[in-house]
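**Q** This structure is in structure tokens; I'll ask about it shortly.
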């Protein structure tokens, strides 16, 4: 049963319950001994019906199956806007997970749609731009340049985090990713150079501590210590040299400080070398629409 049928069935149930209430009150009036009890029961039924109606009108539950139905019912050119709409209307809690799910489902067998879809999502919900871009470049690493360029152009305030997280996702594409940021948001390059210079010059112990602190922020650590978001030093142990990754980054368990230092140093060298490698512009979606 698709989502629209579920909601319609819920509304039909509500109407039936209300009709039952209207019919039952006159009958209850003929039985003085049970009138008060019937009134209480009927009021409870009314509240249940009202709750069901509210739940039915909140919106569909975006399971993988529901998203597949959406992807199949819409044309390719409609999917980016629909993805942005779904994420914008979703509660903040769980929004990143939903955004990643949408990328996986909507882009299945729709390679050319990746830049457009990611750009639309990032524009509507910059808070999910980092994870959405990282997921998309993992799915289509050969399109890393176009995907990152679209993401940064749509959420320029997240350019540094988008670049670093996308590079973590597909290290072999760091050159394309750096050039995409350079093209989409040139003013972010100075900030990006400063960040990666600090990170690539840090000691391994400092980066390992920053990794742990990042895991604390996103709730994946066993010792889930909340970070002070106003303190660049974050919550690393007192007396230890401090380091914190930019907002939005999530470092996976299988990466070590030494690996990240090497990756950040590669990014720094790419930035300092300049844009000496040309890449194709974003894929024009109209070319692929039948």
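Bear in mind that the values in this text are calculations on the coordinates, not laboratory data. No experiment lies behind these values; they were computed from the predicted model shown. Cβ sites come from the backbone with ideal geometry, for glycine too, and all protein chains shown count toward neighbours.
**Q** Could you compute the FRET efficiency for residue 201 and residue 97, with r as their C-beta to C-beta distance and R0 at 25 Å, rounded to 0.05?
**A** 0.15
**Q** Turning to a different aspect of this structure: Calculate the FRET efficiency for residue 258 and residue 78 from the Cβ-Cβ distance with a Förster distance of 51 Å, rounded to the nearest 0.05.
**A** Working: r = 46 Å, r/R0 = 0.89.
In this case the efficiency is close to 0.65.
**Q** Say R0 is 45 Å: what FRET efficiency, to the nearest 0.05, do residue 61 and residue 142 get from their beta-carbon distance? Kindly include the intermediate steps, with their values, before the conclusion.
**A** Numbers: r = 34 Å, r/R0 = 0.75.
The pair residue 61/residue 142 has a calculated efficiency of 0.85.
**Q** Would you mind computing, in nm to one decimal, how far apart the modelled labels at residue 104 and residue 187 are, each placed 7 Å from Cα along Cα→Cβ?
**A** Distance between label points: 3.7 nm.
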